[in-house]
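Data block below; observations after.
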Amino acid sequence: MIVKRSELTWFERLYLPTLLSGLRVTWRHFFNTLFRGKVVTMEYPEQRWVVPEGYRGAPYLVKDQEDRTKCVSCQLCEFVCPPKAIRITPPGSEVNPDTGNVEKRPREFEINMLRCIFCGFCQEVCPEEAIFLMKDYSLTGTSRKEMVYNKEKLLSLGGVHQDPVQKWKQKAREAREQEHFKPA
């Protein structure tokens, strides 16, 4: 199928109408900024956008009230992550003497923020509510290596989550009681 195009007129070939319409927009913004005080530029570090409700920001790990990692290394977030940005190394066979084998913590936990698409699947699938999406939108780094957040950085950025139900504290107490009353 051949599309017939109309021939440009002499005036249109000068590209003058397009140039004038672009200058009209520029002068309108200049006039509004100079005389009416309408600012179209945000002073970024001092002024920040107000993120809307439901905004999905960067995922971070959180701690409980006793400053322990809430992540139990179930690896569900790693499996559900579409771009495979999360990498978890389970603790292995080591046992924490305080809690027994009730609670596991990951040996390594990394999120590659360059690969993360901020979908929120990791937060939805986490059974322990150990991952939360924060409302930040300015992730910066000078190298690719800086954009791979390890467990310590994720925990420091995530902070402490006040959880009214402390099931691991109760399970650890039960495990200690069972260990104490075991026949010798």
Do you know which residues across the stretch 34-48 are of a type outside the set (D, E, K, R) and at pLDDT below 85? 37, 39, 40, 41, 42, 44, 45
Selection over the stretch 58-70 where residues are at pLDDT 90 or above and either in a loop (DSSP other than H, G, I, E, B) or of a type outside the set (A, V, I, L, M, F, W, C) (or both) yields a count of 4
Can you run down the residue pairs with Cβ atoms below 8 Å, 6 or more apart or on separate chains, where the first is in the stretch 74-93 and farther than 12 Å from residue 121 by Cβ and the partner is acidic (Asp, Glu) and surrounded by fewer than 15 Cβ atoms within 10 Å (Cβ to Cβ)? 87/108; 88/108; 89/108
Among the listed residues 7, 12, identify the single one that is without any contact (Cβ under 8 Å) to a residue 40 or more places away in the chain, more than 49 Å from the chain's Cα centre (by Cα) and assigned to a helix (DSSP H, G or I). 12
Hey, among 45, 82, which residue is touching a helix residue (DSSP H, G or I) at 6+ places or on another chain (Cβ under 8 Å), assigned to a loop (DSSP other than H, G, I, E, B) and not aliphatic (A, V, I, L, M)? 82
Determine which member of the set 63, 38, 4, 84 is touching a strand residue (DSSP E or B) at 6+ places or on another chain (Cβ under 7 Å) and of a type in the set (D, E, K, R). 63
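Can you name the helices (runs of 4 or more DSSP H) wholly within the stretch 99-184 that have at least 3 residues being at pLDDT below 90?
Answer list for the stretch 99-184: 167-180.
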I want to confirm something. Restricting to the stretch 18-61 and keeping residues that are under 38 Å from the mean Cα position of the chain (by Cα) and small (Gly, Ala, Ser), which single residue is nearest to residue 112 (Cα to Cα)? 58
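The values are calculated or read from the model by the stated rules, or taken from the named source; none is laboratory data. The shown structure was predicted, so the numbers you read here are calculated from the model rather than taken from an experiment. Quick reminder, even Gly has a Cβ in these numbers, built from the backbone with ideal geometry, and neighbours come from all protein chains shown.
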